[in-house]
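The values are calculated or read from the model by the stated rules, or taken from the named source; none is laboratory data. All figures in this text were calculated on a predicted structure; none of them were measured in a lab. Reconstructed Cβ throughout: ideal geometry from the backbone, glycine too, with neighbour counts over all protein chains shown. Each accessible area value is taken on the protein alone, full model and side chains, heavy atoms only, with ligands, DNA and RNA left out. Shrake-Rupley method; radii C 1.70, N 1.55, O 1.52, S 1.80 Å.
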Amino acid sequence: GRDLPFSLSDVLIVLYLHDIEKPWKYNIDSGGLLHIKPELIDKESQHKFRADKLKEYGIELNDFQQNAMRYVEGELNDYSSRNRVMNELAAICHLADVTSARIFHDYPLEVGDPVTGAIRVRD
């Protein structure tokens, strides 16, 4: 029943861009195993990479969107019980990210998914 201080477009841009480093983050070894590149192993280096990539492509986010980009994966080391650091946009994006990664990560089922028409696409 309350207005939110962001638009659906704000949510979509943050969710689209918050993992922009992933195409550059991994190497595949000769055995086909996936490895995180050392220069992108920690959250701070990933945040910096994202910021640099957005700058490279001329994408400018407002302060509200920047906060959401910073905290879409949680407040981590910035958490405080006395100061709210994650804004409303970051919170809704965090909920969507957690839902995707922790609740619906292995759907649709390979066989017998109860959702009509749900199929798993393979490369």
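General remarks:
- Verdict on TYR57 being touching a Cys at 6+ places or on another chain (Cβ under 9 Å) and of a type in the set (Phe, Trp, Tyr): no
- Of the set (1) β-branched (Val, Ile, Thr); (2) modelled with pLDDT of 90 or more; (3) open to solvent by 100 Å² or more (accessible area, probe 1.4 Å), all apply to VAL72 but (3).
- Looking only at residues of region 91-123 that are of a type in the set (Lys, Arg) and under 22 Å from the mean Cα position of the chain (by Cα), we find that the one that is nearest to ARG70 (Cα to Cα) is ARG102.
- Checklist (1) in contact with a strand residue (DSSP E or B) (Cβ under 6 Å, 6 or more places away or on another chain); (2) under 18 Å from ILE92 (Cα atoms) applied to TYR26, failing item: (2)
- You will find that of SER80, SER45, the residue that is among the hydroxyl-bearing types (Ser, Thr, Tyr) and over 14 Å from HIS18 (Cα atoms) is SER80 and no other.
- Top-ranked residue in region 14-62 [being surrounded by 15 or more Cβ atoms within 10 Å (Cβ to Cβ) and not in a helix (DSSP H, G or I); ranked as nearest to the chain's Cα centre (by Cα)]: HIS18
- Members of region 25-81 found to be within 25 Å of ARG102 (Cβ to Cβ) and among the charged types (D, E, K, R), listed by number: LYS25, LYS37, ASP42, LYS43, GLU44, ARG50, ARG70, GLU73, GLU75, ASP78
- Residue within region 89-97 that is outside any helix (DSSP H, G or I), out of contact with any helix residue (DSSP H, G or I) (no Cβ under 8 Å at 6 or more places or on another chain) and open to solvent by 40 Å² or more (accessible area, probe 1.4 Å) present: no
- Within region 63-86, the set of residues being touching a residue at least 40 places away in the same chain (Cβ under 8 Å) and either aliphatic (A, V, I, L, M) or not in a helix (DSSP H, G or I) (or both) comprises ALA68, MET69, VAL72, GLU73.
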